[in-house]
Amino acid sequence: MKPLKTQSVFVSQTQKNISGESDTHSAPSNTSQSLSQTFKLHLEEDKNEMRTTKKISSLNPHAYAFPSFYKKEIKISFIMFIFWICVEIGATAGILLLLLFVSWWLAIILVPTFFIISASLIVYADRFYHFRSEAKTINFKESKASTLNIQKLYKRLKVGHINVNWLSGLTYAVSGIVFLVVAFTFVAVYGSWSQFGKFWTYLGKYGNGAQSYDITYFTISLICAIAFFGTILLQFSMLIFNYIRTSRIENFYGFMIIPQEDIDNLKKKKNRRDLIIFLCIVITVIFAGFVIYKLLKRKHNKTVVQVQS
C-alpha cells in the first residue's frame with residue numbers, strides 16, 4: 001500500500017508542475033500570437049506591393065528589384081487614369097442630360113469643361129502608358145536607373161505645388177468675387193443687411209415651366225462656401241501627397257536627380273504663366289460680376305417703379 005501512496009503523490013506533483021508550466025507559458029503564448037498577427041500583416045503588405053509587378057514580371061525578369069517608389073508610381077498612374085475615365089464618362093452623361101432635359105445653352109457653356117477633362121484624360125493615359133512600357137525593360141538590380149520618365153515625374157512633383165497654389169488662389173478669388181457680387185446685389189435690392197431674412201428669397205428663376213428652379217442668394221453663397229473650404233482641404237492634401245512622393249524618390253537615389261538650377265528656372269516659368277492666367281480669369285470674372293450686378297439692380301429699380309405707379 002505504501003508504494004501506491006508514493007505513486008499518487010508523484011502523480012499529483014507532476015500534475016501541479018504541468019499546471020504551473022501551463023500558467024507560465026500562457027503569457028508567452030499571447031505574445032507569440034501577437035507576433036504571428038503582425039507577421040501576417042507585414043506579409044499581406046508585401047503581397048500587395050508585389051501585385052503591381054506580377055503582370056510585367058514575365059516580360060521583365062528584374063521586376064522583383066523595383067524600388068518601392070517605382071511600384072507606387074505605377075499604381076498611382078493607373079489609378080489616375082481610371083479616375084479621369086470615370087470623370088470623362090460622368091461629364092459626357094451630365095452634358096447629355098442637360099442638353100435633353102434641362103437647357104441646351106447650359107450644356108454649351110459646359111462644353112469647354114468637357115474638353116479640359118478630355119485633355120486631362122489624354123495626359124494621364126500617356127503617363128500610364130509610358131510607365132507601363134518602361135517597366136518592361138528597366139533594370140534597378142544593376143544600378144539605380146534614372147530614366148527620362150522618372151526625371152519628368154520628379155520635375156512635375158518639384159514644381160507641382162506652384163500649380164496647386166495658383167489654382168487654389170484662383171478658386172478663392174472667384175468664390176470671393178461671386179459672394180461679393182451677391183452681397184452687394186442683396187444690399188442694393190433690400191437696402192441693408194437688416195433684411196437678412198430675405199436672403200432666402202429667390203434671385204431669379206432658372207428654366208421654364210415645370211422645370212424651373214428658384215435661384216436664391218443663399219444657394220449661390222453656399223456654393224461659394226463649399227468651393228472655398230473644399231479647395232482648402234484639397235490644396236493641403238495635394239501638397240502633402242506631392243511632398244511624400246518627392247521624398248520617396250530622393251530617399252532612393254540619395255540626391256536630387258535634377259539640378260537645382262533647372263528646377264529654379266522651371267519654377268520661374270510656371271509662376272509667370274500661372275500669374276498671367278490668374279489675372280486674365282480674375283479680371284474677366286470681376287467684369288462679368290459688375291455687369292450682372294448692374295443688370296440686377298436696374299431690373300429691381302424697374303419693378304419698384306412699376307409697383308409705385
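Summary table below
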| quantity | calculated |
| --- | --- |
| Matching entry among Phe101, Phe78 (being in contact (Cβ under 8 Å) with a residue 12 or more places away in the chain and within 13 Å of Leu121 (Cα to Cα)) | Phe78 |
| Residue among Ile79, Ile117, Ile85 that is open to solvent by 70 Å² or more (accessible area, probe 1.4 Å), at pLDDT 85 or above and closer than 30 Å to Ser133 by Cα | Ile79 |
| Residue in segment 244-265 that is among the polar types (S, T, N, Q) and in contact with a helix residue (DSSP H, G or I) (Cβ under 6 Å, 6 or more places away or on another chain) present | yes |
| Residue check, Ile258 assigned to a loop (DSSP other than H, G, I, E, B) and at pLDDT below 90 | yes |
| Checking Thr137 against (1) over 20 Å from Ile258 (Cβ atoms); (2) part of a helix (DSSP H, G or I); (3) of a type in the set (Val, Ile, Thr), the condition it does not meet | (2) |
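The values are calculated or read from the model by the stated rules, or taken from the named source; none is laboratory data. Because the structure is a prediction, the values reported are computed rather than measured. Quick reminder, even Gly has a Cβ in these numbers, built from the backbone with ideal geometry, and neighbours come from all protein chains shown. The protein model used for the area step is the full one, side chains on, heavy atoms only, and it has no ligands, DNA or RNA in it. Shrake-Rupley method; radii C 1.70, N 1.55, O 1.52, S 1.80 Å.
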